[in-house]
Amino acid sequence: MEKIWKKNMVQTKQAKKRRVSSISIVWLLPIFAIIIGAWMVYSHVSSQGPVIHLILQDADGIEAGKTKIKALNVDIGTITKLSFNKDYSKIKATAQMKKIATKMLTDTAVLWVVSPHISKDGITGLSTILTGRYISLQPGQPGPLQTKFKVKQEAPLIRPDQGGTSVILYDKDNLSYKLNIGDPILYNGYTVGKIVRSQFDLALGYTKYTLLINKPYNKLLHNNSVFWTSSGFSMSLTPNGATVNVSSLSSLLMGGVSFGLLAHNKPDPSPVKQNTVFKLYTTHDAAKKDSYQKSVYFILQVDDSNGLKAGAPVLYKGARVGTVVSAPYKLLSENKTFNFPSKISVKFKIDLGRVFQDPEKVNVDEFRQQVLKAVHNGLYATLDTQSLLTGELFVNLVKGKPLKKKQKLVKVDQYYVFPSKANSLDQIKNKVNTILDKISKLPIDKSVKELNNTLVQLQKTINGFSPNSSAYSEINSSLSKFNETLSDLNPLIKQLNRKPNSLIFGSDKNKDPIPVGSSK
């Protein structure tokens with residue numbers, strides 16, 4: 001048995017020892033899953049941009065986890081949280097932005113809520129009816145990262161994909177009933193922009209409009225441009241008749257604002273900055289009148305200013321040289337007494353821009369001295385009728401006899417008083433009034449009484465020649481005797497007609513005619 005066991009022991013091979021792995025392949029799967037998950041987390045985190053905080057007026061249409069933030073209709077973020085601010089007056093929103101939006105979030109970036117809006121130009125934001133509201137981002141200029149923003153309710157005036165220039169008009173004439181948001185901005189009748197905002201300024205007491213002039217038409221805008229309302233229809237009465245202006249049909253229906261340069265202005269080469277302030281005029285003529293900045297002012301004293309209004313022209317030989325500024329001028333007393341002056345003062349100006357081609361080269365004081373010299377040489381002013389239909393007057397400058405050497409011009413305040421005379425129509429009125437005054441001073445009542453007495457006596461005299469009166473009988477008797485006398489004188493008159501010297505030589509006696517016998 002022992003031998004057999006040994007024999008078997010010899011035949012049995014010695015077992016080889018191997019190292020068994022301590023980690024099973026089964027555990028590799030979770031490790032790979034963790035690595036992939038970590039990579040996905042890292043990829044997600046690395047693709048995320050900053051977290052920003054927004055302030056909104058309300059949360060109408062805004063939902064956490066759904067409302068997107070877009071730039072040029074590309075998703076760049078999502079609203080993740082909504083809450084109230086401390087006084088519960090506004091909404092605080094937290095948004096997770098994508099990494100691509102990091103450089104867009106600077107202090108010049110603008111965010112606004114996009115919602116459906118109906119205007120004269122059409123419907124905007126129509127897609128939000130199906131998808132809901134979203135917040136649009138206008139990227140800012142390069143700069144440091146900004147994480148807090150106020151979200152506006154309206155889109156900015158100038159968007160990067162549009163361009164243009166925004167200007168502000170102040171409306172001192174309160175024309176707000178004529179203009180509305182969306183009304184066109186016209187240049188020579190062509191639409192180049194629109195009114196995008198209107199706001200009443202409580203402090204100043206008038207309306208301000210914000211206009212957007214689209215690119216490239218903003219190159220037509222200059223710092224010395226003027227703006228006026230375009231009603232589409234205007235009518236004015238002038239000494240030459242009625243003037244009617246009719247614009248395009250769209251302007252006639254909607255109105256709008258026109259702009260341009262005045263005829264005597266040259267384009268200002270300097271560029272117009274954003275939100276430059278301009279004045280809004282009622283008409284183009286009003287803008288033209290207000291454009292003459294360099295002027296000399298005078299006072300005209302008249303007996304009656306009825307029919308003369310501020311804005312009336314000042315003419316010299318038919319050419320306009322100025323404008324009436326105030327009629328009357330300072331009629332209201334500054335103290336508690338009013339003396340009822342015999343003359344009414346009128347303030348008018350002579351514009352250098354109407355007299356000189358380039359008024360900027362002319363000194364105002366020197367021009368004033370030129371006018372005063374012309375006054376001493378006989379220049380004076382009269383009030384003439386501008387229109388018989390309306391009764392409006394204008395100031396007419398006329399040359400007459402020179403003033404006396406010692407005669408000096410007086411001043412009212414700091415303005416010289418311009419010499420004045422009554423016009424031809426006033427002179428006729430004065431003469432007629434003088435004649436009427438003389439007639440009224442005649443003793444008409446006494447003359448009428450004497451005339452009545454004379455008529456009574458004449459009536460009595462006429463009544464004395466009635467057929468039944470003695471005077472009538474005597475006149476008839478005298479006329480009969482006169483007729484008999486004429487009958488007696490008739491032969492003598494015939495004789496004198498035949499022979500004028502018969503009174504001296506006597507008349508020939510007519511012989512009896514001898515009958516002539518007949519022969520047998």
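No lab work stands behind these numbers, since they all come straight from the coordinates. Quick caveat: nothing in here was measured; it's all calculated off a predicted structure. FYI the Cβ positions are ideal-geometry reconstructions off the backbone, even for glycines, and counts take in every protein chain you see.
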* **Nonlocal amide H pairs with TYR329, under 5 Å, H built at 1.01 Å** => SER345, VAL346, LYS347
* Structure fact -> Protection proxy (average C-beta count within 10 Å per residue), highest first, orders 385-392, 362-369, 208-215, 289-296 as 208-215, 289-296, 385-392, 362-369
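Expressed as a rounded percentage, what relative contact order does segment 43-152 have, with Cα pairs under 8 Å and six or more residues apart? Walk me through the numbers before you get to the answer.
Details: 245 pairs, mean separation 36.5, N = 110.
The value is 33 percent.
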* Asked: Going by a ≥ b ≥ c, the root eigenvalues of the Cα gyration tensor, does segment 339-383 fall in the rounded group (a/c under 1.5), the prolate group (a/b larger than b/c) or the oblate group?
  -> prolate
